[in-house]
Amino acid sequence: MNIFQNIPPFDFHEVFVMPWTEFGDVFIWIFVMGFLVTAACGMLGSFIVWRQMALVGDAISHSVLPGIVVAFLLTQSRGTLPMFFGALVAGILTTTLIEFIHTKSRVKTDAALGIVFTTLFAIGVVLISMYGENVDLDTDCVLYGEIEYVSQDLTVSLFGLFDVPVQVARMGAVAFCVMLLIVFFYKQLLVSSFDPGLARSIGINPAIVHHGLMLLLSITVVSAFEAVGAILVIAMLIFPATTASMLSDRMPIILGLTVVISAISSLLGVHLALWLDVSTAGAMSVVVSTLFGLAWMFSPNRGLLVLAMRR
Amino acid sequence: MMSVSCKTGYMNGYRFLIRFGLILTVLTLAANARAAKISDLESIEFGEQLVRFFSMEDELLRTVLLGSLCLGLCCGLLGSFIVVRKLSLVGDALSHAVLPGVAIGFIVAGHKDPLAIFIGAIVAGLAGTVLVNLIKSTTHIKEDSSLGMVLAGFYGLGIVLITMVQKASIGNKAGLDKFLFGQVAALSSKEVTIMAVITVLSLVVIGLFYKQFLVGSFDAAYSKALGIPAQFFHYLLMLLLAFAVVISLQAVGAVLVSAMLIIPASSAYLLTDRMHRMLILSCLFGMGSGAMGAFFSFLGPNLPTGPLMVIAASTVFAASFFLSPKHGLVSRWLRFRDRTRRIRNENTVKAIYHVREKNYFEGEGVDIDALAARLKETRKATLLRVKFLTDANLGDVKEVDGNKNIFLNPEGWLMACTVVRNHRLWELYLTNEAEFEADHVHEDAEKIEHMLGEETVRQLERLLDFPRKDPHGKLIPSLADLQRTLTHSPRKNEPSGYRMPHS
């Protein structure tokens, strides 16, 4: 059995042209959804990565599972709103518990994080298997996400001009909010991320910024989770930010770069998934990690190649 | 009392270890069961299931239980080292990073061959840890981000490969998704054998190089001075960790493997300060959680073993988080409460001493109003204070000429003398040795008086050449005075016979 037998032959027309000419209305939404998720996560990720909270996103994305299940069991509906609030509560609970365990005992932050999210995830899986018949929830969906079905969703009309799938519209709103908040509170975020002491001295409370960022992270992760699944949210949170930080030292440029990287990775990801006939979210994260690999090797000022040549 | 309970817990631990060891041996001898699902047993009653579980006659059950115990033991052992090395989330990254290896192993072998999958997973896992270290050493990116990148990147690749495999027409691919969530009941005896081998291997390696691992975990500089190749042992640990992750993967799934690594070890970390005890406790908690997971999933028709194991482990963690004798939240709160009470009582008896000193130690009782005036608080507050004092059996309240008076009993008087002595000795030390001004020393002494131990006091006395007076000219109660207050009290429980110092 050879691994290469599984790869379908590459046909440029079939992979890159046909989706836009033949199935444009489906493809555009998968791409837009991927872009919105990656861009929202990426912009937020720039700050998360600098604050060394990269794995908190991972934790939140896992522990939304019990939140969703409990919300479903309580309301008996698969409506978006209860699900969203269940997940949000679980996300906030996660960050609170992590902080509680690590401030009230000698367990380190990373261990506390590992304890909290795995426990909540385990509770979620047990709940699903106990009420399995009633819950129309799929653990696979939790992990992979189902971005492929985004255009089969109900649509809403936007400004009377486009018919936008509900999910895409919602994610767009979240991404827009993230962008607005980052622009409005740019100074506070920047100063408290790099120099909490300075932040305190100019009247910014780092604790409030921290909790606000956690809330925003929970909201973003919960909305993104439906599209790309639990584990890949973390790829979208970390990779654009680290890739951009390999290329620049200026925060505004990094933020701009993450948006560009998001666009590239969701576009190429959609095509890669189509070519190999695999999970779109998985393909997108493969693309985004390849982009990081390229930046790591060839970055003009701190790439491995440049470092090797200087030596 | 706390140390006693700790000790008995430790003894129980040894007994448990022996019992688990026996069960393990018996099960190893009898582990040749077929793979099947526990959920096949739906129709059987709860009670019957209980009997079946404890009679251990079911071969499937024995396989599952042996697998769970091996998993718990192995993860508990290695988890302790990664928790104390602050590498907790390396297990998480590893368990996700092995996924492409699992898929490639499957593709190469063409079917679900445990050995091929095992090798693929180990290679992928090690590649992941090497990559984390490479990113960390060649860029400015921090450890958590590099862990996250390896985790997510490899996992994305793994998902792509697995979806490819699932769509391709290869033989029996059932059970590949078990790597995501795990299914102990689907373990075959071959897999359990691999698990047992890996567990024994980890035990042997850790046993042989215990000192090297220990020193490397806590003191990198010392380990370097001893000539221990730290890098080698780091990667040896990572290799063992990769083994542990891979064998646990089918049982509990990628997401929850790190739980079995972190949670039992963290529970043990809260219970003891000694590494070997932590290792033993962590292994016990791991095995206990494994057995509990297997037990509870056996009771219901459709219950997954892995998550139940994790929930059992988390329950143990919650218990030690709150109730650990030394580091637990409740015990720390109790200690804090005891200390506040003691300090409050010490302040009260000190004030009583001061009032009596002002009266040249005439009369035994101290009027409540005089005490309230001395403490600069209301009569009501002072009465409350005095009540705490009488509750702690340090004194009694009696009516003298229509006024309420507080009488200290010998223990109370001893406490008063000790606190005053500590206070005045410290003041003297600060003025004489640390060259503080005499009017600056009171505040500091107010705090330290509650904390000075006997040993420190002896040292202070020697250093200050057994002084009799403090910087303000007041007499310091000496050790001899303190001893006399105890030995010379004629009637133990009645307030009487207290002399002034140096009488």
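The values are calculated or read from the model by the stated rules, or taken from the named source; none is laboratory data. Model, not experiment: these values are computed from the prediction. Quick reminder, even Gly has a Cβ in these numbers, built from the backbone with ideal geometry, and neighbours come from all protein chains shown.
If a residue has to be in a loop (DSSP other than H, G, I, E, B) and surrounded by 13 or more Cβ atoms within 10 Å (Cβ to Cβ) to count, how many in segment B:422-463 make the cut?
Just the residues of segment B:422-463 that are in a loop (DSSP other than H, G, I, E, B), to begin with: B:433-437, B:441, B:449-453.
Now narrow it down to the ones that are surrounded by 13 or more Cβ atoms within 10 Å (Cβ to Cβ): B:436, B:441, B:449-450, B:452.
Here the count works out to 5.
Scan (1) at pLDDT below 85; (2) at the interface with chain A (Cβ under 7 Å from one of its Cβ atoms) for the single condition B:VAL184 breaks and write down its number.
It is condition (2) that B:VAL184 fails.
If the Cβ limit is 6 Å and pairs must be 6+ apart or interchain, which residue in segment A:274-295 that is within 18 Å of B:LYS136 (Cα to Cα) and facing chain B (nearest Cβ under 10 Å) pairs with which residue that is of a type in the set (Gly, Ala, Ser) and surrounded by 19 or more Cβ atoms within 10 Å (Cβ to Cβ)?
From segment A:274-295, the pairs are A:SER289/B:GLY153.
Checking B:ALA319 against (1) over 30 Å from B:LEU281 (Cβ atoms); (2) surrounded by 14 or more Cβ atoms within 10 Å (Cβ to Cβ): exactly one of these is not met. Which one?
B:ALA319 satisfies every listed condition except (1).
Within segment B:220-293, which helices (runs of 4 or more DSSP H) (wholly inside it) include 1 or more residues that are within 14 Å of another protein chain (Cβ to nearest Cβ), in contact (Cβ under 8 Å) with a residue 40 or more places away in the chain and closer than 23 Å to B:ALA97 by Cβ? If you could, list the steps in order and put the result at the bottom.
Details: elements: B:220-225, B:230-252, B:254-271.
Per the criteria, B:230-252, B:254-271.
Tell me yes or no: at least one residue of segment B:402-413 is in contact with a strand residue (DSSP E or B) (Cβ under 8 Å, 6 or more places away or on another chain), assigned to a strand (DSSP E or B) and either charged (D, E, K, R) or surrounded by fewer than 15 Cβ atoms within 10 Å (Cβ to Cβ) (or both).
If we filter segment B:402-413 for residues that are in contact with a strand residue (DSSP E or B) (Cβ under 8 Å, 6 or more places away or on another chain), which is where we start, we get B:403-409, B:412.
Now restrict to residues that are assigned to a strand (DSSP E or B): B:403-408.
Restricting the remaining residues to those that are either charged (D, E, K, R) or surrounded by fewer than 15 Cβ atoms within 10 Å (Cβ to Cβ) (or both) gives B:403-404.
Yes: segment B:402-413 contains one or more residues that are in contact with a strand residue (DSSP E or B) (Cβ under 8 Å, 6 or more places away or on another chain), assigned to a strand (DSSP E or B) and either charged (D, E, K, R) or surrounded by fewer than 15 Cβ atoms within 10 Å (Cβ to Cβ) (or both).
Condition first: surrounded by 14 or more Cβ atoms within 10 Å (Cβ to Cβ), under 30 Å from B:ARG462 (Cα atoms), in contact with a Pro (Cβ under 9 Å, 6 or more places away or on another chain) and of a type in the set (A, V, I, L, M, F, W, C). Can you find one or more residues in segment B:356-368 that meet it?
yes
Yes/no per residue for (1) among the small types (Gly, Ala, Ser); (2) surrounded by fewer than 19 Cβ atoms within 10 Å (Cβ to Cβ); (3) outside any loop (DSSP other than H, G, I, E, B); (4) touching a residue at least 40 places away in the same chain (Cβ under 8 Å):
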residue	(1), (2), (3), (4)
B:TRP333	no, yes, yes, no
B:PHE336	no, yes, yes, no
B:ALA370	yes, no, yes, no
B:ALA373	yes, yes, yes, no
B:ALA381	yes, yes, yes, no
B:LYS387	no, yes, yes, no
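Taking segment B:206-243 on its own, how many of its residues are within 24 Å of B:LEU66 (Cα to Cα) and surrounded by fewer than 18 Cβ atoms within 10 Å (Cβ to Cβ)?
2
Going by what's in this entry, would A:VAL125 be described as facing chain B (nearest Cβ under 8 Å) and touching a residue at least 60 places away in the same chain (Cβ under 8 Å)?
Numbers: facing chain B (nearest Cβ under 8 Å): yes; touching a residue at least 60 places away in the same chain (Cβ under 8 Å): yes.
Answer is yes for this residue.
Would you confirm, using the coordinates I've provided, whether A:ILE68 is under 12 Å from A:LEU213 (Cβ atoms) and assigned to a helix (DSSP H, G or I)?
On the way: under 12 Å from A:LEU213 (Cβ atoms): no; assigned to a helix (DSSP H, G or I): yes.
In short, no.
Restricting to segment A:275-290, count the residues that are surrounded by fewer than 21 Cβ atoms within 10 Å (Cβ to Cβ) and of a type in the set (A, V, I, L, M, F, W, C).
Let us first name the residues in segment A:275-290 that are surrounded by fewer than 21 Cβ atoms within 10 Å (Cβ to Cβ), namely A:275, A:277, A:290.
Checking the rest, the ones that are also of a type in the set (A, V, I, L, M, F, W, C) come to A:275.
Total meeting the criteria: 1.
Hey, could you check segment B:322-331 for residues that are without any contact (Cβ under 8 Å) to a residue 24 or more places away in the chain and buried (at least 16 other Cβ atoms within 10 Å of the Cβ) and say which is farthest from B:ALA381 (Cα to Cα)? Let's see the steps before the verdict.
Just the residues of segment B:322-331 that are without any contact (Cβ under 8 Å) to a residue 24 or more places away in the chain, to begin with: B:322-323, B:329-330.
Among the residues that remain, those that are also buried (at least 16 other Cβ atoms within 10 Å of the Cβ) are: B:322, B:329.
Numbers: B:PHE322: 33, B:LEU329: 30 Å.
Per the stated criteria, the residue is B:PHE322.
Checking the conditions here, which among A:ALA241, A:ALA263 is touching a residue at least 24 places away in the same chain (Cβ under 8 Å), out of contact with any strand residue (DSSP E or B) (no Cβ under 6 Å at 6 or more places or on another chain) and surrounded by 24 or more Cβ atoms within 10 Å (Cβ to Cβ)? Break it down into steps so the answer makes sense when it comes.
On the way: A:ALA263 fails: surrounded by 24 or more Cβ atoms within 10 Å (Cβ to Cβ).
Only one candidate passes the filter, namely A:ALA241.
So in segment A:83-108, with the set limited to residues that are assigned to a helix (DSSP H, G or I) and facing chain B (nearest Cβ under 9 Å), which one is surrounded by the most Cβ atoms within 10 Å (Cβ to Cβ)? Let's see the steps before the verdict.
Of segment A:83-108, the ones assigned to a helix (DSSP H, G or I) are A:83-104.
Adding the requirement that they be facing chain B (nearest Cβ under 9 Å) leaves A:101, A:104.
Numbers: A:ILE101: 22, A:LYS104: 16.
Top of the filtered list is A:ILE101.
Counting only residues that are modelled with pLDDT of 90 or more and touching a Ser or Thr at 6+ places or on another chain (Cβ under 8 Å), how many does segment A:248-262 have?
6
Do we have A:ILE234 as away from every other protein chain (no Cβ under 14 Å) and closer than 27 Å to A:THR80 by Cβ here?
Numbers: away from every other protein chain (no Cβ under 14 Å): no; closer than 27 Å to A:THR80 by Cβ: yes.
In short, no.
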